[in-house]
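A short worksheet on the structure shown next.
The values are calculated or read from the model by the stated rules, or taken from the named source; none is laboratory data. The structure displayed is predicted, hence computed values, not measured ones. For neighbour counting, all protein chains shown are included, and Cβ atoms are generated from backbone atoms with ideal geometry for every residue, glycine included. Only protein heavy atoms, including side chains, enter the accessible area calculation; ligands, DNA and RNA are left aside. Shrake-Rupley method; radii C 1.70, N 1.55, O 1.52, S 1.80 Å.
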Amino acid sequence: MADETNDKKAKAEALVPRFKFERLLKQDQAGRRSALIGSIDGQPALVILERAPFPTSPDYLGSVTASLAALQNLGANDIYHWYRAQSGGNGTSNIDFADLKINVIWPCTAKHIKKYSPQGLRVVTETPEIYRCHVRPYIQSQREAGRLNWVYNIIEGRSEVEDVIFRTPYGQDPVEGFLLLPDLNWDRTTLEALHLLALVERRDLWSLRDLRKKHVPWLRHMRQKLLDAATRAYPAVARDQLKLYVHYQPTYYHLHVHIVHVALEAGATQAVGKAVGLESIIAQLETMAGDDEAGMDGVTMTYTLGEASDLWVEVFGPLQEKGKAQAE
(Lines give C-alpha, C1' and ligand atoms only; values in the text may rest on other atoms or scores of the structure.)
Protein backbone atom coordinates (compact mmCIF):
# COMPACT_ATOMS: atom_id res chain seq x y z
CA MET A 1 0.00 0.00 0.00
CA ALA A 2 2.81 2.40 0.85
CA ASP A 3 4.53 1.72 -2.48
CA GLU A 4 1.26 2.40 -4.33
CA THR A 5 0.77 5.70 -2.49
CA ASN A 6 4.33 6.81 -3.20
CA ASP A 7 3.91 5.91 -6.86
CA LYS A 8 0.76 8.05 -7.14
CA LYS A 9 2.53 10.99 -5.49
CA ALA A 10 5.51 10.68 -7.80
CA LYS A 11 3.28 10.62 -10.90
CA ALA A 12 1.34 13.66 -9.68
CA GLU A 13 4.51 15.61 -8.92
CA ALA A 14 5.90 14.81 -12.37
CA LEU A 15 2.99 16.59 -14.07
CA VAL A 16 4.04 20.14 -13.19
CA PRO A 17 7.49 20.15 -14.84
CA ARG A 18 5.91 18.82 -18.07
CA PHE A 19 3.52 21.79 -18.34
CA LYS A 20 4.02 23.83 -21.53
CA PHE A 21 2.82 27.40 -21.09
CA GLU A 22 0.65 29.02 -23.80
CA ARG A 23 -0.84 32.15 -22.28
CA LEU A 24 -2.03 33.87 -19.11
CA LEU A 25 -5.79 33.51 -18.63
CA LYS A 26 -6.33 35.61 -15.51
CA GLN A 27 -4.52 37.26 -12.65
CA ASP A 28 -6.30 38.20 -9.43
CA GLN A 29 -5.75 38.77 -5.72
CA ALA A 30 -3.65 41.82 -6.61
CA GLY A 31 -1.37 39.68 -8.77
CA ARG A 32 -0.84 36.95 -6.17
CA ARG A 33 -2.75 34.29 -8.14
CA SER A 34 -2.41 33.52 -11.87
CA ALA A 35 -4.32 31.06 -14.04
CA LEU A 36 -2.24 29.70 -16.95
CA ILE A 37 -3.45 27.74 -19.98
CA GLY A 38 -1.13 25.28 -21.70
CA SER A 39 -0.70 21.58 -22.18
CA ILE A 40 0.78 18.47 -20.59
CA ASP A 41 1.75 15.69 -22.97
CA GLY A 42 -0.28 17.29 -25.75
CA GLN A 43 -3.51 17.59 -23.76
CA PRO A 44 -4.97 20.94 -22.54
CA ALA A 45 -4.03 21.80 -18.97
CA LEU A 46 -4.71 24.58 -16.51
CA VAL A 47 -2.16 25.61 -13.90
CA ILE A 48 -3.17 28.00 -11.13
CA LEU A 49 -0.18 29.58 -9.43
CA GLU A 50 -0.75 31.13 -6.02
CA ARG A 51 1.78 32.59 -3.61
CA ALA A 52 1.97 30.57 -0.41
CA PRO A 53 1.86 32.34 2.97
CA PHE A 54 5.22 33.31 4.37
CA PRO A 55 6.66 30.67 6.72
CA THR A 56 6.59 31.68 10.38
CA SER A 57 9.82 29.87 11.21
CA PRO A 58 12.29 32.18 13.02
CA ASP A 59 15.09 30.63 10.94
CA TYR A 60 13.38 31.72 7.72
CA LEU A 61 12.27 35.15 8.93
CA GLY A 62 15.68 35.85 10.41
CA SER A 63 17.48 35.15 7.13
CA VAL A 64 15.07 36.26 4.40
CA THR A 65 16.20 39.90 4.15
CA ALA A 66 19.85 38.88 3.92
CA SER A 67 19.21 36.21 1.28
CA LEU A 68 17.49 38.35 -1.37
CA ALA A 69 18.81 37.69 -4.87
CA ALA A 70 17.91 41.18 -6.14
CA LEU A 71 16.62 44.41 -4.61
CA GLN A 72 15.40 47.65 -6.19
CA ASN A 73 14.38 50.75 -4.28
CA LEU A 74 11.09 52.20 -5.53
CA GLY A 75 11.07 55.30 -3.36
CA ALA A 76 11.94 56.85 -0.02
CA ASN A 77 10.49 59.69 2.01
CA ASP A 78 11.45 60.57 5.56
CA ILE A 79 11.28 57.27 7.51
CA TYR A 80 9.41 55.36 4.78
CA HIS A 81 11.17 53.21 2.14
CA TRP A 82 9.74 50.70 -0.32
CA TYR A 83 11.29 48.14 -2.65
CA ARG A 84 10.78 45.38 -5.19
CA ALA A 85 12.81 42.27 -4.47
CA GLN A 86 13.52 38.78 -5.69
CA SER A 87 13.70 36.06 -3.09
CA GLY A 88 16.81 33.91 -3.12
CA GLY A 89 17.22 30.22 -3.78
CA ASN A 90 16.01 29.97 -7.38
CA GLY A 91 19.42 30.26 -9.04
CA THR A 92 18.80 33.63 -10.72
CA SER A 93 19.39 37.24 -9.81
CA ASN A 94 17.14 39.46 -11.90
CA ILE A 95 14.84 42.18 -10.56
CA ASP A 96 12.54 41.58 -13.55
CA PHE A 97 11.49 38.43 -11.70
CA ALA A 98 10.76 40.25 -8.46
CA ASP A 99 8.33 38.27 -6.30
CA LEU A 100 8.37 40.43 -3.17
CA LYS A 101 7.20 43.93 -2.29
CA ILE A 102 9.03 45.21 0.79
CA ASN A 103 8.20 48.26 2.89
CA VAL A 104 10.65 49.53 5.50
CA ILE A 105 9.81 52.07 8.22
CA TRP A 106 13.00 53.24 9.88
CA PRO A 107 13.33 54.42 12.50
CA CYS A 108 9.81 53.28 13.46
CA THR A 109 7.84 54.49 16.45
CA ALA A 110 5.70 52.73 19.03
CA LYS A 111 2.67 53.91 17.05
CA HIS A 112 3.92 52.09 13.94
CA ILE A 113 4.50 48.93 15.96
CA LYS A 114 0.96 49.06 17.35
CA LYS A 115 -0.49 49.60 13.87
CA TYR A 116 1.09 46.41 12.50
CA SER A 117 0.59 44.25 15.59
CA PRO A 118 -2.36 41.84 16.01
CA GLN A 119 -5.22 43.58 17.76
CA GLY A 120 -8.92 43.23 18.31
CA LEU A 121 -11.33 45.39 16.32
CA ARG A 122 -14.20 47.50 17.59
CA VAL A 123 -17.13 49.07 15.77
CA VAL A 124 -17.61 52.66 16.93
CA THR A 125 -20.25 55.25 16.19
CA GLU A 126 -18.98 58.81 15.92
CA THR A 127 -21.77 61.34 16.37
CA PRO A 128 -21.34 65.00 15.39
CA GLU A 129 -20.98 65.80 19.10
CA ILE A 130 -18.26 63.16 19.65
CA TYR A 131 -16.45 64.44 16.57
CA ARG A 132 -16.64 68.06 17.72
CA CYS A 133 -15.73 67.48 21.38
CA HIS A 134 -13.27 64.59 21.16
CA VAL A 135 -12.15 63.54 17.68
CA ARG A 136 -11.52 66.98 16.21
CA PRO A 137 -9.19 67.97 19.08
CA TYR A 138 -7.40 64.61 18.67
CA ILE A 139 -6.92 65.28 14.92
CA GLN A 140 -5.58 68.75 15.66
CA SER A 141 -3.06 67.32 18.13
CA GLN A 142 -1.85 64.82 15.50
CA ARG A 143 -1.33 67.58 12.95
CA GLU A 144 0.51 69.77 15.42
CA ALA A 145 2.87 66.91 16.32
CA GLY A 146 4.66 67.24 12.97
CA ARG A 147 3.37 63.92 11.61
CA LEU A 148 2.56 65.45 8.21
CA ASN A 149 6.11 66.49 7.35
CA TRP A 150 6.54 63.60 4.91
CA VAL A 151 3.31 64.63 3.12
CA TYR A 152 4.46 68.24 2.82
CA ASN A 153 7.83 67.01 1.52
CA ILE A 154 6.00 65.41 -1.42
CA ILE A 155 3.63 68.31 -2.06
CA GLU A 156 6.41 70.90 -1.99
CA GLY A 157 8.66 68.84 -4.25
CA ARG A 158 11.38 68.00 -1.73
CA SER A 159 10.98 64.22 -2.02
CA GLU A 160 9.60 61.56 -4.37
CA VAL A 161 9.83 64.02 -7.27
CA GLU A 162 10.72 61.22 -9.66
CA ASP A 163 7.67 59.21 -8.56
CA VAL A 164 5.05 61.87 -9.24
CA ILE A 165 2.89 60.81 -12.18
CA PHE A 166 1.16 64.16 -12.58
CA ARG A 167 1.06 67.45 -10.75
CA THR A 168 -0.22 70.95 -11.25
CA PRO A 169 2.50 73.63 -10.90
CA TYR A 170 3.08 73.93 -7.16
CA GLY A 171 1.71 77.14 -5.66
CA GLN A 172 0.09 78.33 -8.89
CA ASP A 173 -3.39 77.49 -7.62
CA PRO A 174 -3.39 76.46 -3.94
CA VAL A 175 -7.10 75.55 -4.13
CA GLU A 176 -7.10 73.45 -7.31
CA GLY A 177 -3.52 72.17 -7.03
CA PHE A 178 -2.85 68.48 -6.57
CA LEU A 179 -0.42 65.73 -7.45
CA LEU A 180 -0.74 62.04 -8.26
CA LEU A 181 1.73 59.28 -7.36
CA PRO A 182 1.75 55.50 -6.81
CA ASP A 183 0.61 54.28 -3.43
CA LEU A 184 3.52 52.69 -1.58
CA ASN A 185 1.63 49.36 -1.45
CA TRP A 186 1.44 49.02 -5.25
CA ASP A 187 4.21 47.13 -7.10
CA ARG A 188 3.95 49.66 -10.00
CA THR A 189 3.65 46.91 -12.60
CA THR A 190 0.40 44.96 -12.09
CA LEU A 191 -2.32 47.15 -13.64
CA GLU A 192 -5.15 45.10 -12.10
CA ALA A 193 -3.67 46.03 -8.71
CA LEU A 194 -3.21 49.71 -9.64
CA HIS A 195 -3.33 51.94 -6.57
CA LEU A 196 -2.63 55.65 -6.87
CA LEU A 197 -2.74 58.44 -4.32
CA ALA A 198 -3.87 62.01 -4.96
CA LEU A 199 -2.64 64.67 -2.53
CA VAL A 200 -4.33 68.08 -2.65
CA GLU A 201 -2.25 71.20 -2.04
CA ARG A 202 -4.80 72.94 0.14
CA ARG A 203 -4.30 72.41 3.86
CA ASP A 204 -7.69 73.48 5.20
CA LEU A 205 -9.22 70.05 4.54
CA TRP A 206 -8.02 67.53 7.14
CA SER A 207 -10.44 64.69 6.40
CA LEU A 208 -13.83 64.08 4.81
CA ARG A 209 -15.35 65.68 7.94
CA ASP A 210 -14.20 69.06 6.60
CA LEU A 211 -16.10 68.73 3.32
CA ARG A 212 -19.17 70.97 2.95
CA LYS A 213 -21.85 71.66 0.38
CA LYS A 214 -19.79 74.57 -0.91
CA HIS A 215 -17.06 72.09 -1.87
CA VAL A 216 -19.26 70.07 -4.27
CA PRO A 217 -18.15 71.94 -7.44
CA TRP A 218 -14.53 71.57 -6.34
CA LEU A 219 -14.99 67.85 -5.64
CA ARG A 220 -16.63 67.24 -9.02
CA HIS A 221 -13.86 69.13 -10.82
CA MET A 222 -11.18 67.34 -8.82
CA ARG A 223 -12.71 63.95 -9.63
CA GLN A 224 -12.55 64.68 -13.37
CA LYS A 225 -8.96 65.91 -13.14
CA LEU A 226 -7.88 62.83 -11.20
CA LEU A 227 -9.48 60.46 -13.70
CA ASP A 228 -7.93 62.40 -16.59
CA ALA A 229 -4.46 62.23 -15.02
CA ALA A 230 -4.70 58.54 -14.10
CA THR A 231 -5.92 57.37 -17.52
CA ARG A 232 -3.36 59.57 -19.28
CA ALA A 233 -0.58 57.95 -17.25
CA TYR A 234 -1.98 54.45 -17.79
CA PRO A 235 -3.77 54.39 -21.17
CA ALA A 236 -4.62 50.68 -20.85
CA VAL A 237 -6.95 51.53 -17.95
CA ALA A 238 -10.36 53.01 -18.77
CA ARG A 239 -12.10 55.64 -16.64
CA ASP A 240 -14.85 53.19 -15.66
CA GLN A 241 -12.22 50.77 -14.37
CA LEU A 242 -11.23 53.12 -11.57
CA LYS A 243 -12.68 53.61 -8.09
CA LEU A 244 -12.08 56.77 -6.06
CA TYR A 245 -12.47 56.83 -2.31
CA VAL A 246 -11.22 58.44 0.89
CA HIS A 247 -10.59 56.77 4.23
CA TYR A 248 -12.24 57.52 7.53
CA GLN A 249 -10.43 57.42 9.79
CA PRO A 250 -7.43 58.11 7.52
CA THR A 251 -3.86 57.18 8.43
CA TYR A 252 -2.85 60.85 8.27
CA TYR A 253 -4.93 64.01 8.44
CA HIS A 254 -4.40 65.76 5.13
CA LEU A 255 -7.15 65.17 2.58
CA HIS A 256 -6.09 62.59 0.00
CA VAL A 257 -7.96 60.43 -2.48
CA HIS A 258 -7.22 56.79 -3.28
CA ILE A 259 -7.60 55.72 -6.93
CA VAL A 260 -7.67 51.96 -7.48
CA HIS A 261 -8.43 49.53 -10.29
CA VAL A 262 -11.85 47.89 -9.90
CA ALA A 263 -10.15 44.49 -10.16
CA LEU A 264 -8.11 45.16 -7.00
CA GLU A 265 -9.69 42.85 -4.47
CA ALA A 266 -11.06 44.69 -1.47
CA GLY A 267 -8.96 44.13 1.62
CA ALA A 268 -9.10 45.90 4.96
CA THR A 269 -8.35 49.29 3.38
CA GLN A 270 -11.45 49.07 1.17
CA ALA A 271 -13.73 47.57 3.81
CA VAL A 272 -17.14 49.01 4.68
CA GLY A 273 -16.68 51.61 7.40
CA LYS A 274 -13.15 52.43 6.22
CA ALA A 275 -13.40 53.45 2.56
CA VAL A 276 -16.02 56.01 1.54
CA GLY A 277 -16.63 56.47 -2.17
CA LEU A 278 -15.94 59.97 -3.47
CA GLU A 279 -19.13 59.89 -5.56
CA SER A 280 -21.14 58.92 -2.45
CA ILE A 281 -19.70 61.87 -0.53
CA ILE A 282 -20.62 64.24 -3.35
CA ALA A 283 -24.17 62.84 -3.53
CA GLN A 284 -24.62 63.08 0.24
CA LEU A 285 -23.45 66.69 0.29
CA GLU A 286 -25.73 67.62 -2.61
CA THR A 287 -28.85 66.26 -0.91
CA MET A 288 -27.96 67.55 2.56
CA ALA A 289 -30.30 70.05 4.18
CA GLY A 290 -28.94 73.46 5.07
CA ASP A 291 -26.86 76.17 3.44
CA ASP A 292 -23.42 75.91 1.84
CA GLU A 293 -21.76 75.53 5.25
CA ALA A 294 -23.63 72.30 6.01
CA GLY A 295 -21.22 69.42 5.77
CA MET A 296 -19.93 66.01 6.72
CA ASP A 297 -19.16 67.14 10.27
CA GLY A 298 -22.90 66.95 10.90
CA VAL A 299 -23.20 63.28 9.92
CA THR A 300 -23.07 60.31 12.30
CA MET A 301 -20.43 57.84 11.04
CA THR A 302 -19.80 54.22 12.00
CA TYR A 303 -16.43 52.58 11.40
CA THR A 304 -13.95 50.11 12.89
CA LEU A 305 -10.96 50.80 15.11
CA GLY A 306 -8.14 48.63 16.36
CA GLU A 307 -8.01 48.29 20.14
CA ALA A 308 -4.37 49.46 20.11
CA SER A 309 -5.15 52.60 18.08
CA ASP A 310 -4.79 55.96 19.77
CA LEU A 311 -8.40 56.85 18.92
CA TRP A 312 -9.69 53.81 20.76
CA VAL A 313 -7.32 54.18 23.72
CA GLU A 314 -7.73 57.94 24.10
CA VAL A 315 -11.29 58.59 22.92
CA PHE A 316 -13.72 55.75 22.33
CA GLY A 317 -12.51 53.35 25.01
CA PRO A 318 -12.87 55.95 27.78
CA LEU A 319 -16.25 57.07 26.37
CA GLN A 320 -17.46 53.47 26.46
CA GLU A 321 -16.31 53.02 30.06
CA LYS A 322 -17.97 56.30 31.03
CA GLY A 323 -21.21 55.15 29.44
CA LYS A 324 -21.08 51.86 31.33
CA ALA A 325 -20.46 53.64 34.64
CA GLN A 326 -23.40 55.97 34.06
CA ALA A 327 -25.67 53.04 33.23
CA GLU A 328 -24.88 51.24 36.50
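How many of the residues making up the stretch 102-130 are out of contact with any strand residue (DSSP E or B) (no Cβ under 8 Å at 6 or more places or on another chain), farther than 30 Å from S67 by Cα and touching a residue at least 24 places away in the same chain (Cβ under 8 Å)? Walk me through it before giving the result.
Of the stretch 102-130, the ones out of contact with any strand residue (DSSP E or B) (no Cβ under 8 Å at 6 or more places or on another chain) are 107-111, 113, 116-118, 127-130.
Then drop every residue that is not farther than 30 Å from S67 by Cα, which leaves 127-130.
If we keep only those that are touching a residue at least 24 places away in the same chain (Cβ under 8 Å) too, we end up with 127-128, 130.
Counting residues in the stretch 102-130 that are out of contact with any strand residue (DSSP E or B) (no Cβ under 8 Å at 6 or more places or on another chain), farther than 30 Å from S67 by Cα and touching a residue at least 24 places away in the same chain (Cβ under 8 Å) gives 3.
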Item checked: Pair list, Cβ under 6 Å, 6 or more apart: the stretch 40-56 residue among the charged types (D, E, K, R), other residue surrounded by 10 or more Cβ atoms within 10 Å (Cβ to Cβ) -> E50/R33; R51/R32
Notebook entry, point to check: In the stretch 240-251, is there at least one residue being at pLDDT below 95 and open to solvent by 60 Å² or more (accessible area, probe 1.4 Å)?
Noted result: yes
Checklist line | Among residues of the stretch 161-182, those that are under 28 Å from L311 (Cβ atoms) and either modelled with pLDDT under 85 or surrounded by fewer than 18 Cβ atoms within 10 Å (Cβ to Cβ) (or both), counted | finding: 0
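Which residues, taken from the stretch 153-166, are in a helix (DSSP H, G or I) and either charged (D, E, K, R) or touching a residue at least 24 places away in the same chain (Cβ under 8 Å) (or both)? Let's see the steps before the verdict.
Filtering the stretch 153-166 for residues in a helix (DSSP H, G or I) gives 153-155, 161-163.
Selection gives N153, I154, I155, E162, D163.
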Next item on the list: With the checklist (1) acidic (D, E); (2) more than 30 Å from V135 (Cβ to Cβ); (3) in contact with a helix residue (DSSP H, G or I) (Cβ under 9 Å, 6 or more places away or on another chain) in hand, flag the one item D173 doesn't pass.
Entry: (3)
Next item on the list: Name the residue, out of H195, H215, that is surrounded by 17 or more Cβ atoms within 10 Å (Cβ to Cβ), of a type outside the set (S, T, Y) and closer than 29 Å to R33 by Cβ.
Entry: H195
Next item on the list: Go through the stretch 51-92 and give me each residue that's open to solvent by 90 Å² or more (accessible area, probe 1.4 Å) and among the hydroxyl-bearing types (S, T, Y).
Entry: T56, T65
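Taking the residues in the stretch 294-328 that are assigned to a loop (DSSP other than H, G, I, E, B) and modelled with pLDDT under 95 as candidates, determine which candidate is most open to solvent (accessible area, probe 1.4 Å).
In the first step, residues of the stretch 294-328 are kept if they are assigned to a loop (DSSP other than H, G, I, E, B); the result is 294, 299-300, 307-309, 328.
This time we only want the ones that are modelled with pLDDT under 95, so: 307-309, 328.
Numbers: E307: 72, A308: 28, S309: 32, E328: 182 Å².
Only one residue tops the list, namely E328.
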